[in-house]
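The values are calculated or read from the model by the stated rules, or taken from the named source; none is laboratory data. Nothing here was measured: the structure is a model prediction, and the numbers come from that model. We place every Cβ from the backbone using ideal geometry, glycine too, and count neighbours over all the protein chains shown.
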Amino acid sequence: MKKTTLIIMAGVTVLFLLSWIIKALALEGMQEDYIKKAFLVTFSAFLTLSILSFLYRDNPFYKFAEHLFVGVSAAFWMSMGFWSTIVGNLIPRLSQNLSVFFKVHYIPGDFNFRFYIPVILGLLLLMRLSRNYGWISRWSLAFIVGTTAGLNFIRYLRSDFIKQISATFVPLLVDWQGTGHFFSNLDLSASGQLVMMLANWTIFLGVMSGIIYFFFSKEHTGMFGRASRFGIWVLMITFGASFGYTVMGRISLLVGRITFLFRDWLGFNI
Amino acid sequence: MKRNVPLAITFIVGAVLIFSVFIPPMENWGEDFTLFFDIIAVFAFFLGGGNLLRVHLTKLSRRKQDWPYSIVTIMGFLLMLAAGLFRIGNPGDINASLTEQGSLFQTIYDSVFVPLGSTMYALLAFFVASASYRAFRAKNREATILLVAAFIILLGRTPLGTIVTGWVPESFSILQIPNLAIWIMNSPNLAGQRAIMIGIGLGVVSMSLRLILGIERTYLGGDDK
């Protein structure tokens, strides 16, 4: 390790300890376990700044935070999965004694022995760690793939195909309720007839032209090509809107972290 | 055994789940298989954890590059596992909630997992901004449309959008940026999303059929034995 890196690490450690002490002094009298609370807030701030330090370049603090995140999140999902699925759903159907041990409500049933199937397949999946018998895990993988394929076949056919097509066929001429109402309301509330018609036309033509763009079995020329080009524009609006939404989401997360640093850690009133 | 058994399992499970939709007595099979899937997924988490330990212990023992960070991963993993799986530092009995305030598990979650996770995602804001600076040049008509749509959505969700077009009379509120953003989301964006979803639906259905019928076999790996 370089001498400069060591000096920076020592400096950060000193700053961390200093921040802990200052935070503890600030919390003293306000909270019971103020030393622990001050440590946790300081440590969270340290981790936040460590991740943000990647904006400069890859560095030991970022690597520390990144490796810690990997370890903690792996154990987090293992724990959540064990307690919510194994203890919450499997054990109550498999064993009365284990249900008593884990203090969960036993669910009796005539065919509960079928729940041994996922246990066996799950254990076979762990064989992946074996060099010689790793191939057995394919059986479990095949079950997962088969289940996903079987469930998604129907689910996507219903929700992403049939329902979406059905929702696209909307009235392109809404009920005529008089000239005044038709032209006067441009406030984008769905009650405005003109606006509703405009929305329905946009959706119908947008979906049709979008699908035409994705249809590659015919050359995109002439009328078909023009429809395809309009489809690209609609898709560009969609991508732009999705992009805008993604940016907003990320910015709001960043605002959350900055708020944490300034309010919870540094104690500013914001 | 290595290839035919998995293919048979995929076919039987997939076909049974599709037929279960059409045969009323088999309706519950879908729920059962979903639960089976969840249970196997938990074993997959354990496999992932075991593999993580193996990889980092190997890295540590062989003193590979950046090996000291493997200690951090292993320590973090074991600490969270002790708190989560073995309930160390968790007040109350075995039935008590893991996420109870004051438990070691919840403390690590609040002080380590959440800050790290949200900052990781927040970091992407900078990279997205940098990428958009490069990509958002109105070089052609399509790029301009994308740029304008994104700009309206971004402005429409901030107070600036309201300030800039707040003077527009209510009867023409279509021209107010926040309303325009809503209209873009509800009409052209919906149309584009729908076209994509229909494409995805068709893609998933055809891929599911390929998997069930054994035409698609890449998930079995390259070993042909």
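Worth a mention:
- Members of the stretch A:110-127 that are in a helix (DSSP H, G or I) and farther than 20 Å from B:Leu47 by Cβ: A:Asn112, A:Phe113, A:Arg114
- In the stretch B:162-177, residue modelled with the highest pLDDT [restricted to those that are exposed (fewer than 13 other Cβ atoms within 10 Å of the Cβ) and outside any helix (DSSP H, G or I)]: B:Trp167
- Which numbered condition A:Lys3 fails, given (1) within 23 Å of B:Gly102 (Cβ to Cβ); (2) modelled with pLDDT under 90: (1)
- Verdict on B:Val205 being within 7 Å of another protein chain (Cβ to nearest Cβ), within 22 Å of A:Gly256 (Cβ to Cβ) and of a type in the set (A, V, I, L, M): no
- Contact map, the stretch B:1-29: first residue closer than 18 Å to A:Arg114 by Cβ, second residue of a type in the set (Lys, Arg) and part of a helix (DSSP H, G or I), Cβ cut-off under 9 Å, separation 6 or more or different chains; pairs are B:Ile9/A:Arg138.
- Within the stretch B:104-123, the set of residues being under 21 Å from A:Val247 (Cβ atoms), among the aliphatic types (A, V, I, L, M) and touching a Gly at 6+ places or on another chain (Cβ under 9 Å) comprises just one member, B:Ala122.
- Only listed residue being aromatic (Phe, Trp, Tyr) and in a loop (DSSP other than H, G, I, E, B), chosen from B:Phe77, B:Phe86: B:Phe86
- B:Val42 falls short on exactly one of the conditions (1) part of a loop (DSSP other than H, G, I, E, B); (2) of a type in the set (Val, Ile, Thr); (3) touching a Ser or Thr at 6+ places or on another chain (Cβ under 6 Å), and that condition is (1).
- Selected residue [within 24 Å of the chain's Cα centre (by Cα) and assigned to a loop (DSSP other than H, G, I, E, B)] from B:Thr99, B:Thr34: B:Thr99
- Count of residues meeting criterion [over 30 Å from B:Ala129 (Cα atoms) and either in contact with a strand residue (DSSP E or B) (Cβ under 7 Å, 6 or more places away or on another chain) or surrounded by fewer than 13 Cβ atoms within 10 Å (Cβ to Cβ) (or both)] in the stretch A:37-59: 1
- Among residues of the stretch A:218-248 being of a type in the set (Gly, Ala, Ser) and either in a loop (DSSP other than H, G, I, E, B) or more than 8 Å from chain B (Cβ to nearest Cβ) (or both), the one that is farthest from the chain's Cα centre (by Cα) is A:Gly222.
- Leading residue by the ranking (nearest to the other protein chains (Cβ to nearest Cβ)) among those in the stretch A:127-165 that are under 23 Å from the mean Cα position of the chain (by Cα) and among the small types (Gly, Ala, Ser): A:Ala149
- Selected residue [within 11 Å of chain B (Cβ to nearest Cβ), surrounded by 15 or more Cβ atoms within 10 Å (Cβ to Cβ), out of contact with any strand residue (DSSP E or B) (no Cβ under 8 Å at 6 or more places or on another chain) and assigned to a helix (DSSP H, G or I)] from A:Val100, A:Val87, A:Val104: A:Val87
- Candidates B:Glu142, B:Glu170 - the one that is over 26 Å from A:Ile232 (Cβ atoms), among the acidic types (Asp, Glu), out of contact with any Pro (no Cβ under 8 Å at 6 or more places or on another chain) and facing chain A (nearest Cβ under 9 Å): B:Glu170
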